[in-house]
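Working notes, structure below.
The values are calculated or read from the model by the stated rules, or taken from the named source; none is laboratory data. Given the structure is predicted, the values throughout are model-derived calculations rather than measurements. Cβ placement follows ideal geometry from the backbone for every residue including glycine, while neighbour counts extend to all protein chains displayed.
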Amino acid sequence: MKLLIKNGRLVDPAAGVDRPMDVLVENGAVRDVARQIKKGPGVALLDARGLVVAPGFIDLHVHLREPGQENKESIASGARAAVHGGFTSLACMANTEPVNDNRSVTEYIIARARQVGLVNIFPVAAVSRGLLGENIVEMADLVAGGAVAFSDDGCCVMKADLIRKALEYARMLGVPIIEHPEDHSISGEGQVNEGFISYKYGLRGILKAAEEVIVARDLILQERIRSQLHLTHVSTAGSVELIRNARKAKTPVSCDVTPHHLLLNEELLQSYNPVYKVKPPLRTEADRLELIRGLQDGTVDCIASDHAPHTRDEKDKEFEYAPFGVIGMETSFPVIHDRLVRGRHITLPRLVQLFSTNPARVLGLRDRGRVKAGLPADLTLFDPKKRFKIEEADLRSKANNCPFLGWEGQGAIAYTIVGGNIVYNYKEKN
């Protein structure tokens, strides 16, 4: 298939490009990028006038639930949700049933992703067997099977010696460790951020120190090991400051934040609505603003959804008994664009960095995150002026635990292109 994308504004931070450019796609790859490309015979035309053309968005923190929990989400439903949200690639976490702690599970996920098509899915394998934090997995074998990173996400690697060994092996294998920073001995049975709201409403709290202690521990180890450490869903001002200082000291570390931590705060918990129950918990307004400053000064590398689908029955319980987590792949771009780009907190090229260029770098996906001749034609096209309203009926995910339902704003995905194929078109009901 040949496709010519004309008249769009190409934003490619890796190449330093932000100007009108045409993109020619052929046989699944980018054939040419130039100011003017003539349409040849047998070439389909996509008029991108008024649209931004970006390297395909990459969500580096997603829970697809398959294998074992397909009633919550499956690879097929997750892929549909992803392309609806403009994502061309996903990194899926290991807390499936069975856990992705051996090569057979990794290879199953890759095979299912190929059957479904639609989106590139890159498995993240567990650091420890069974996510139990006791014994390290066969990391080299898992990388050979297709794992692109390692994480016990949902659990923290509590044993310092285990995370040390994992970082050392990761350095040899050239893959990142994605750490869920939470000291479980501190967070315990906590439900929300510990502070005024938890005290006033009688909700069990989680100290910010639960996150910051692990961030500090891992940064100290990383300063010496110099592996590839990525801290996920960072949520406190203290964590941002620790990472900022580590980077000033040239310690190699990256991190991501979620849309819900960037745009929501603990005040919403006064409603006792379980949709706002997440881990790490929604923090204070001061924490939220510091996360945004981290985006602005480069401390934060990526925005990741931490898409965590649950069944309606599971989430529709009393706050104390509902599971942690929200869905986010379909809403990440529009809410961030509307609140942070249109709100003049970050620029549009910075948004593309956070959604595409930097996630590709963190995951070591050298052929993604750029629009360049010879690379796969994974592209996200969006209309920065198109109005949106987030409604449950429009979601492709099996789950509805979305904290942004009812939100309205400006900026919507127009087309998602994976391997040169248009897998989402906003003009069609797909």
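Data overview
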item: Matching entry among Ala209, Ala246, Ala144 (being in contact with a Leu (Cβ under 8 Å, 6 or more places away or on another chain) and either at positive phi or at pLDDT 95 or above (or both)); result: Ala246
item: When residues of the stretch 165-207 are limited to those that are of a type in the set (Val, Ile, Thr) and not in a helix (DSSP H, G or I), the one surrounded by the most Cβ atoms within 10 Å (Cβ to Cβ); result: Ile178
item: Filter result for the condition that a residue is assigned to a loop (DSSP other than H, G, I, E, B), within 22 Å of the chain's Cα centre (by Cα) and among the charged types (D, E, K, R), over Glu97, Glu134, Glu107; result: Glu97
item: Listing of strands (runs of 3 or more DSSP E) fully contained in the stretch 1-61 that carry 3 or more residues being more than 18 Å from Asn421 (Cα to Cα), over 26 Å from the mean Cα position of the chain (by Cα) and outside the structural domain of Asp152 (by TED's automatic domain parsing); result: 17-26
item: Criterion: free of Cβ contacts under 8 Å to residues at least 60 places away in the same chain and within 23 Å of the chain's Cα centre (by Cα) - qualifying residue of Gly145, Gly188, Gly154; result: Gly145
item: Test: Arg339 is in contact with a Leu (Cβ under 6 Å, 6 or more places away or on another chain), assigned to a helix (DSSP H, G or I) and either basic (Lys, Arg) or at pLDDT below 95 (or both); result: yes
item: Odd one out for Ser235, checked against (1) farther than 21 Å from Ala149 by Cβ; (2) part of a loop (DSSP other than H, G, I, E, B); result: (1)
item: Any chance Ser227 is touching a residue at least 40 places away in the same chain (Cβ under 8 Å) and under 20 Å from the mean Cα position of the chain (by Cα); result: no
item: Scope the stretch 43-62; condition of a type outside the set (A, V, I, L, M, F, W, C) and free of Cβ contacts under 8 Å to residues at least 60 places away in the same chain; matching residues; result: Asp47, Arg49
item: Checklist (1) of a type in the set (A, V, I, L, M); (2) out of contact with any Lys or Arg (no Cβ under 9 Å at 6 or more places or on another chain); (3) assigned to a loop (DSSP other than H, G, I, E, B) applied to Leu162, failing item; result: (3)
item: Boolean, Val52 is among the β-branched types (Val, Ile, Thr), surrounded by fewer than 24 Cβ atoms within 10 Å (Cβ to Cβ) and either at pLDDT 95 or above or in contact with a strand residue (DSSP E or B) (Cβ under 8 Å, 6 or more places away or on another chain) (or both); result: yes
item: Pairs, first farther than 30 Å from Arg244 by Cα in the stretch 197-215, second outside any loop (DSSP other than H, G, I, E, B), C-beta under 6 Å, six or more apart; result: Leu203/Val192
item: Residue tally, condition within 12 Å of the chain's Cα centre (by Cα), of a type in the set (A, V, I, L, M, F, W, C) and closer than 17 Å to Gly154 by Cα, over the stretch 297-334; result: 3
item: Conditions (1) buried (at least 20 other Cβ atoms within 10 Å of the Cβ); (2) closer than 21 Å to Arg65 by Cα; number of the one not met by Met139; result: (2)
item: Residues of the stretch 63-122 that turn out to be in contact (Cβ under 8 Å) with a residue 60 or more places away in the chain, surrounded by fewer than 17 Cβ atoms within 10 Å (Cβ to Cβ) and out of contact with any helix residue (DSSP H, G or I) (no Cβ under 8 Å at 6 or more places or on another chain), as a count; result: 1
item: Residue among Glu330, Glu267, Glu290 that is assigned by TED's automatic domain parsing to the domain that holds Val175, in contact (Cβ under 8 Å) with a residue 40 or more places away in the chain and under 22 Å from Ala246 (Cβ atoms); result: Glu290
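So that you can scan it fast, the table gives a plain yes or no per residue for (1) at pLDDT 95 or above; (2) assigned by TED's automatic domain parsing to the domain that holds Val23; (3) on the phi < 0 side of the Ramachandran plot; (4) not in a helix (DSSP H, G or I):
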position: Arg350; (1), (2), (3), (4): yes, no, yes, no
position: Phe355; (1), (2), (3), (4): yes, no, yes, no
position: Pro359; (1), (2), (3), (4): yes, no, yes, no
position: Arg370; (1), (2), (3), (4): yes, no, yes, yes
position: Thr380; (1), (2), (3), (4): yes, yes, yes, yes
